[in-house]
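Participant: The structure under discussion is supplied below as structure tokens; questions concerning it will follow.
The values are calculated or read from the model by the stated rules, or taken from the named source; none is laboratory data. What you see is a predicted model, and the numbers here were worked out from it, not measured in a lab. Glycine gets a Cβ as well: all are built from the backbone with ideal geometry, and neighbour counts include every protein chain shown. The area values use the complete protein model at the heavy-atom level, side chains included, leaving out ligands, DNA and RNA. Shrake-Rupley method; radii C 1.70, N 1.55, O 1.52, S 1.80 Å.
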Amino acid sequence: MSVGNKRGLLVPESITDAEFDHLRNELPDEVEIKKLDDKLSALGNCIACNDNFALIHPDMDQDSEEIIAKTLGVEVFRTAIAGNAIVGSY
């Protein structure tokens, strides 16, 4: 699963080279694509974002938080929604 906004797209480390190349070829050059190596790999479930903010699962790695902020150009908040840490599911 992937997640993104107008500035960037985050994909799991498990993406194949062919899938990555296809995304790179289809997206505008100004959209950065970054592989995110985190134990929580269903990114669409663990990250909810727009062009200004990202809500992330509280257990995501600190390195992942920094990559999310830089790639998407957003302010990042670790949180749960309605007591559920899978923020992208609501």
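Participant: In nm, to one decimal, how far is the modelled label at Ser14 from the one at Asp61, with both set 7 Å along Cα→Cβ?
Facilitator: Taking the simple label geometry, Ser14 and Asp61 are separated by 1.6 nm.
Participant: Still on this structure, I have one more. Around Glu66, what is the net charge, scoring Lys/Arg as +1 and Asp/Glu as -1 over all other residues with Cβ under 13 Å from its Cβ?
Facilitator: Once positives and negatives cancel, what remains is -3.
Participant: Here's something else I'd like to know. Counting only helical runs of four or more DSSP H residues, what would the 222 nm mean residue ellipticity of the chain come to if each run contributes -39,500 (n - 2.57) and the total is spread over all its residues?
Facilitator: -7500 deg cm²/dmol
Participant: Would you calculate the volume per residue, in Å³, of the smallest convex hull containing every Cα atom of the range 38-90? Walk me through the numbers on the way to the answer.
Facilitator: Values: hull volume 3.5 nm³, N = 53.
Taking only Cα atoms, the range 38-90 has a hull volume of 67 Å³ per residue.
Participant: Still on this structure, please answer the following. What does the extension gain come out to for Leu23 and Lys6, with contour length at 0.36 nm per residue minus their alpha carbon separation?
Facilitator: That pair, Leu23 and Lys6, stretches by 4.7 nm at full extension.
Participant: When 1/r is averaged over all different Cα pairs and the result inverted, which Kirkwood radius in Å belongs to the chain?
Facilitator: 13.0 Å
Participant: Where only protein heavy atoms count, and the probe is 1.4 Å, what is the accessible area per residue for the chain in Å²?
Facilitator: Roughly 58 Å² per residue, with all protein chains present.
Participant: In whole percent, and with a 1.4 Å probe on the protein chains, what portion of the accessible area of the chain is carbon and sulfur?
Facilitator: Carbon with sulfur: 48 percent of the solvent-accessible area.
Participant: Given a Förster radius of 30 Å and the C-beta distance between Glu32 and Ala82 as r, what FRET efficiency does 1/(1 + (r/R0)^6) yield to the nearest 0.05?
Facilitator: Efficiency for this residue pair is about 0.45.
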